[in-house]
Amino acid sequence: MSIRFENLTYYYNDPENLVFRNLSVDLPGGLTSLVGQNGTGKTTFMLLAGGRIMPQEGTVFLSGIDTREMSSEDERNKLASFVYQNMEFEADETVGELLKIVFESGSHNPEEKNLIDDLVGAFELGTLLNRPFQKTSKGEMQKINIAFSLLYGSKTIMMDEPVFALENHWKDRVLEYLKNYVHDKHINLYYSIHELDLSRKYSDNGILFFKNGSIASGPADRLFTKEKVEEAYQVPSELLYKRESLFRDHLLKPANPKDYENFEGSVKVYE
Ligand SMILES: Nc1ncnc2c1ncn2[C@@H]1O[C@H](COP(=O)(O)OP(=O)(O)OP(=O)(O)O)[C@@H](O)[C@H]1O
Ligand SMILES: [Mg+2]
C-alpha cells in the first residue's frame, strides 16, 4: 500500500476541533473516491495523506516515507500532487505554455509528450491554448488543473472535488478519462465527490466518512451499498440519488459537534 495512517490524530488549532482520533488505516489503491457529508473530513484526510498538513499525533507514510521527513516541497510534489478545490494561481503564461511547462517539470518520460495532445483532445482545450490561464472560466480552469496534475506525473494524486464546476456530461467524461489513466499508468488517485452515483460508477475503491470521525473503506461496489450509505448519511438512500438541489437542502448540513461525544475513530475495512 502506498499510503498508511498510523495512530493518527488531527485537529484544527485546538483539540476541541477534533477531526480524526487514533486512526490507523492502509489506503486502498487505484481510483478511490472519498464520500461523506459536509464537514466529515474528506479534505482534511487528503491533505494529511498528501503531506500538506501534519498530524499532531501519529504518522502518515506516503510511499513508505514519513510525511514529516520529506526533505523538500519538490520531493513532496513528486510523491503526491494535489488539486485543491477552487485552485487558482497567478500566471501570465497561456494555457498551452503552462501545459508544456508542467509536463517538463514533472516526472514523465519525454517520450510521453503526446499526453499533452491527448489531454487537450479529451478535455477539449484546443481553443484555450493561446488564452492566458487567468482568463479561463471556472469549469475550464478545473479541467486544466486536472490536466496539469496528470501531466506532472506523480505516482499519487489527490483531487478535492475535481468535477464540481463541470456540466454533468463533462463530469462523466473526465472521470472516465481518470479511470483509464489510473489503470494505464498504475497510479493511485484519490478524489472527493458528492455525487454517489458517479462515485460508484467510476471508482475502484471508496472511503466513506461518518459524522463521528470513523471511516470505512473497501471496493466501491461493496462499500457504496444502500445500508452503508444510509448509515453514513443518516437518511434513506432514495433521497441521496435525487437531484442535486434536494441533496443539498436535505443533507449537506454541517456535522453536529455533539456527534463527536461518542467519538470512535474506528476504521472498517471491507475486503
Ligand atoms: N482551516 C480550518 N480550521 C478549523 N476547522 C476546520 C478547517 N478546515 C476544516 N475544518 C473543520 O474540520 C472538519 C472537517 O472539514 P473538511 O473540510 O475536511 O470536511 P469535508 O468532508 O471536506 O467537507 P466538505 O464536503 O464540505 O468539503 C469540519 O468540522 C470543518 O469545519
Ligand atoms: Mg472538502
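Between HIS169 and GLU227, the distance separating the two model label sites (each 7 Å from Cα on the Cα→Cβ line) works out to 4.0 nm.
Could you check which residue among ARG173, ARG21, ARG200 shows the biggest mean-square fluctuation in a GNM of the chain with a 10 Å Cα cutoff? With Cα springs under 10 Å in the chain, the top fluctuation among ARG173, ARG21, ARG200 is at ARG173. Note on the chain: dipole from Cβ charges, positive end direction compared against ILE53, GLN142, PHE89; the farthest Cα belongs to GLN142. With springs only between Cα atoms under 10 Å apart, run a GNM on the chain and tell me which of LYS100, LYS143, LYS211 wobbles the most. It is LYS100. Legend: Rg and Dmax of region 26-101, from Cα coordinates, 14.9, 43 Å.
Could you give the angle, 0 to 90 degrees to the nearest 10, between helix 138-152's Cα long axis and the longest principal axis of the Cα atoms of the chain? With both axes taken from Cα atoms, the answer is about 80 degrees. Computed from backbone phi, the HN-Hα couplings of region 173-187 come to 4, 5, 5, 4, 4, 4, 4, 5, 4, 4, 6, 4, 9, 6, 10 Hz, rounded to whole numbers (Karplus: 6.51 cos²θ - 1.76 cosθ + 1.60, θ = phi - 60°; Gly and Pro given as x).
Where the alpha-carbon atoms of region 178-238 are placed on the principal axes, they occupy 37, 24, 18 Å, in descending order.
Across ILE144, ILE157, ILE116, mean-square fluctuation computed from a Gaussian network of the chain (C-alpha pairs under 10 Å connected) peaks at ILE116.
How high is the relative contact order of region 1-111, given as a whole-number percent (alpha carbon pairs under 8 Å, six or more residues apart)?
Working: 127 pairs, mean separation 27.7, N = 111.
Across region 1-111, relative contact order equals 25 percent.
Residues whose amide H comes within less than 5 Å of that of ILE3, counting only those at least five positions distant or on another chain, are LEU27, SER63 (H built at 1.01 Å from N in the peptide plane). Note on LYS100 and ILE65: with the Förster distance fixed at 45 Å, the Cβ-Cβ geometry gives a FRET efficiency of about 0.95. Computed from the Cα positions only, the extents of region 3-269 along the three principal axes stand at 54, 44, 32 Å, in decreasing order.
Computed from Cα atoms, the angle from the helix 95-105 axis to the main principal axis of the chain rounds to 70 degrees. Segment TYR270..ASN114, full-extension length gain: 52.3 nm, with 0.36 nm per residue of separation and the alpha-carbon distance subtracted. Close Lys pairs in region 145-208 (alpha-carbon distance under 16 Å; sequence gap of 8 or more, or different chains): 5. In the frame of its principal axes, region 53-167 has Cα extents of 47, 32, 24 Å, reported largest first.
Read-outs: derived from the displayed coordinates by stated rules, not from any lab. Fair warning: this is a prediction, and the values are worked out from it, not measured in the lab. In this analysis, Cβ positions are derived from the backbone assuming ideal geometry, glycine residues included, and neighbour counts consider all displayed protein chains.
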